[in-house]
Amino acid sequence: MRTDLPENSSPATARKSAPTREQLRDAPQLRESVTVRCTPLEAYAIWRDFKKLPNFMTDISQVEMISPTVSHWTVDLPRGPKVEWDAEIIHERPGEMISWQSIGDSQVTQAGSVRFRPAPGDRGTVVSLALSYAIPGGKLVEVATKLMGEDPKTMVITNLRRFKAYMETGECPTVEGQPSGRDENDRESETH
Amino acid sequence: MKALCWQGKHSISMKTVNDPRLLNPHDAVIKVTTAAICGSDLHLYDGYIPTMKKGDIMGHETMGEVVEIGPAVRKTKVGDRIVIPFDIACGSCQHCHDEEYSLCDNTNPNAVMADKLYGHSGSALFGYSHLYGGYAGGQAEYIRVPFVDTNSLLVPSGVPDEKVLFLSDIFPTGYMAAENCGIKRGDTVAVWGAGPVGQMAIRSAFLLGAERVIAIDHYPGRLAMAEKSGAQVINYENSDSLLDELSYLTGGRGPDACIDAVGLEAHGDTFMAQVDRVKAAVGMATDRPNVLRQAIQACKKGGTVSIPGVYGGFLDKIPFGAAFGKGLTFKMGQTHTQRYMKPLLERILAEEIDPAFVITHRIRLEEGPDAYKMFNEKKDECIKVIIRMH
């Protein structure tokens, strides 16, 4: 496991075993939801295929499946430290919900759940995400957040929006790679 | 390729930039044949819309020929001549399903920014700031069009560009503004701003059965054009009291519907207009809503105020008590262009209207920077500039 953490955050204290109930009870909690034009089962099926989530949830670098219920997650954003954790599914009902908790020697301790419920009036599926995270002995997330320039809430909303776009259209919106007057090849003509 | 780029307030340059390429599976790349400068581009030019970046490619009234399509494109073919709507819609979300294309959920990559500012993000727009997605615009030799099957209108062969170009924005925008008035037999519609959108709104109001249209502006050339469309005109600079005049002309009832086709940079010589100008200049307000105030004041009890003019931020001293007291209905927003392109093409083909009547200037791309200046200063009787690209 990489340890390129900020100096003031000791990997020795940051890496501890699964969060205790007390830690998660006091941990920051995030609740966000999005409505997607698909069935609960369709949304569940795409979400449950964890290793493909980085295809559209671009903040997540990689997800490896260690066993049918245990997965290894990596977040490695350009401006932040690399962060990794293992998560285990603790409960799931196909087409309805998945809940998980980080386990073992993880840098990030978190517990979360995602629920898929039909929206009223055939308006698709409400996908609700709840996430608690705790960092035993350190403030890794806070530090990482500052480095990445995005707060966890914004990251969660962005990823939910990308999930929705991917589900509804098969792609996520982007303008990266498009031309602009900031293109380098313009330097020449600017001097004219 | 060559493109008109925003360089800062009152500064547009033609620059050499990279050619656009496909970035997503539903994209197409279009070789632009004709583009136009829109009145709402002047809001960017004047620095009224935040989140522009130096180098952004301008333009959202565009048509051309498809030269490349992505692997998920189904309907559109290489070689098709298409008109591109200014708003970018995915075609799949609930709002697109409900034909509210400019409220699309999925096309703005910077939606979180707009969520924070407005509560929810609308669709992305071509060439209209990073708040609206930061998509490169169409005042360029080529443009990338996302979800091209949704964001295109196939032009029948033999129909010249000039006849259909304005299906990209101003004709649907003027038409939706008139449609939002809910025009009934005998209705009078007052239109503030006889610029291109106002001109389209005047014609559309008549197409939708208005008995009378009153156009309000202070540029004689625009008023003459409105008169040719059958509107009664008021030059507010020659009128002692615009509101009295509107009241007199409508038997004291007020216009049944009022269209604000001016938006956030209203001129005007009232005291409040002067205050607006000062406040905007020193950053105490973002928009200058003088027309909107007049429209609310003039409108009939129970009438409709329809707002195709663009607003961006916070408005000061809006007579909301008058709006409430008279039970007014407000209809507004970016145009759901995709909803109107086909039916309005039918009207053009049936020769009910030729939107080319607003064109006053035809230029080449390199004349773009000067044209912006001319259009902004309303010199040379400038009403509508189109750019012939290749």
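The values are calculated or read from the model by the stated rules, or taken from the named source; none is laboratory data. No experiment lies behind these values; they were computed from the predicted model shown. Methodologically, a virtual Cβ is constructed for each residue, glycine included, from the backbone with ideal geometry; neighbour enumeration extends over all protein chains shown. In case anyone asks, the SASA skips ligands and DNA or RNA and just uses the protein heavy atoms, side chains included. Shrake-Rupley method; radii C 1.70, N 1.55, O 1.52, S 1.80 Å.
Taking the range B:18-44, which residues are of a type in the set (S, T, N, Q) and closer than 16 Å to B:Thr62 by Cα?
Matches in the range B:18-44: B:Thr33, B:Thr34, B:Ser40.
Within the range A:145-165, the residues that satisfy the criterion of being part of a helix (DSSP H, G or I), at pLDDT below 65 and surrounded by fewer than 18 Cβ atoms within 10 Å (Cβ to Cβ) are A:Thr145, A:Lys146, A:Leu147.
Evaluated against (1) part of a helix (DSSP H, G or I); (2) surrounded by fewer than 24 Cβ atoms within 10 Å (Cβ to Cβ); (3) touching a strand residue (DSSP E or B) at 6+ places or on another chain (Cβ under 7 Å), B:Gly182 falls short on exactly one condition, (1). Of all residues in the range B:45-61, those being at pLDDT below 95 and buried (at least 24 other Cβ atoms within 10 Å of the Cβ) number 0. Within the range B:93-101, can one find any residue that is of a type in the set (Phe, Trp, Tyr) and within 14 Å of chain A (Cβ to nearest Cβ)? Yes, the range B:93-101 has at least one match. Those residues that are out of contact with any Pro (no Cβ under 8 Å at 6 or more places or on another chain) and at pLDDT 90 or above, I need them from the range A:125-144; list them, please. Result: A:Val127, A:Ser128, A:Leu129, A:Ala130.
Conditions tested, residue by residue: (1) of a type in the set (Phe, Trp, Tyr); (2) free of Cβ contacts under 8 Å to residues at least 60 places away in the same chain; (3) in contact with a strand residue (DSSP E or B) (Cβ under 7 Å, 6 or more places away or on another chain).
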position	(1), (2), (3)
B:Ile69	no, no, yes
B:Asp87	no, no, yes
B:Glu99	no, no, no
B:Asp105	no, yes, no
B:Asn108	no, yes, yes
B:Leu117	no, yes, no
B:Ser121	no, yes, no
B:Leu125	no, no, yes
B:Asp149	no, no, no
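Quick check, is B:Ala205 touching a Ser or Thr at 6+ places or on another chain (Cβ under 9 Å), farther than 30 Å from A:Thr35 by Cβ and away from chain A (no Cβ under 13 Å)? In short, no.
Summed over the range B:94-128, residues that are open to solvent by 10 Å² or more (accessible area, probe 1.4 Å), aliphatic (A, V, I, L, M) and within 19 Å of B:Thr335 (Cβ to Cβ) total 1. Filtering B:Gly79, B:Gly64, B:Gly91 for residues that are open to solvent by less than 70 Å² (accessible area, probe 1.4 Å), part of a loop (DSSP other than H, G, I, E, B), farther than 28 Å from A:Gly124 by Cα and at pLDDT 95 or above leaves a single hit, B:Gly79.
Considering only residues that are open to solvent by 20 Å² or more (accessible area, probe 1.4 Å) and more than 30 Å from A:Phe56 (Cα to Cα), which ones fall in the range B:8-18?
B:Lys9, B:His10, B:Ser11, B:Ser13, B:Met14, B:Thr16
Answer with yes or no whether B:Gly138 is within 29 Å of B:Arg347 (Cα to Cα), over 19 Å from the mean Cα position of the chain (by Cα) and not in a strand (DSSP E or B). No, not satisfied. Quick one: B:Cys5 ticks every box in (1) under 28 Å from B:Ile69 (Cα atoms); (2) touching a residue at least 60 places away in the same chain (Cβ under 8 Å); (3) under 21 Å from the mean Cα position of the chain (by Cα); (4) open to solvent by less than 30 Å² (accessible area, probe 1.4 Å) except a single one, so which number is it? It is condition (2) that B:Cys5 fails. Set side by side, the residues A:Val83, A:Val75, A:Val36 differ, and just one is on the phi < 0 side of the Ramachandran plot and modelled with pLDDT of 85 or more, which is A:Val36.
Listed by position, the strands (runs of 3 or more DSSP E) contained in the range B:185-258 that have at least 3 residues being under 29 Å from B:Met341 (Cβ atoms) are B:188-192, B:212-217. Name the residues in the range B:293-306 that are hydrophobic (A, V, I, L, M, F, W, C) and either open to solvent by 10 Å² or more (accessible area, probe 1.4 Å) or not assigned by TED's automatic domain parsing to the domain that holds B:Gly263 (or both), would you? Hit for the range B:293-306 is B:Ala298, nothing else.
Answer yes or no as to whether B:Ala177 is crowded, with 24+ Cβ neighbours inside 10 Å and over 14 Å from the mean Cα position of the chain (by Cα). So B:Ala177 does not fit the description; no.
Let's see how each residue does on (1) touching an Asp or Glu at 6+ places or on another chain (Cβ under 9 Å); (2) open to solvent by 10 Å² or more (accessible area, probe 1.4 Å); (3) touching a residue at least 12 places away in the same chain (Cβ under 8 Å):
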| residue | (1), (2), (3) |
| --- | --- |
| B:Ser168 | yes, no, yes |
| B:Gly198 | yes, no, yes |
| B:Ala226 | yes, no, yes |
| B:Gly230 | no, yes, yes |
| B:Asn238 | no, yes, no |
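Of the residues that make up the range B:19-35, is at least one closer than 28 Å to B:Val262 by Cβ, open to solvent by 20 Å² or more (accessible area, probe 1.4 Å) and at pLDDT 95 or above? So far as the range B:19-35 goes, no, none of its residues is closer than 28 Å to B:Val262 by Cβ, open to solvent by 20 Å² or more (accessible area, probe 1.4 Å) and at pLDDT 95 or above. Scanning the range A:35-75 for residues that are of a type in the set (Val, Ile, Thr) and either free of Cβ contacts under 8 Å to residues at least 12 places away in the same chain or closer than 25 Å to A:Thr125 by Cα (or both) gives A:Thr35, A:Val36, A:Thr39, A:Ile46, A:Thr58, A:Ile60, A:Val63, A:Thr69.
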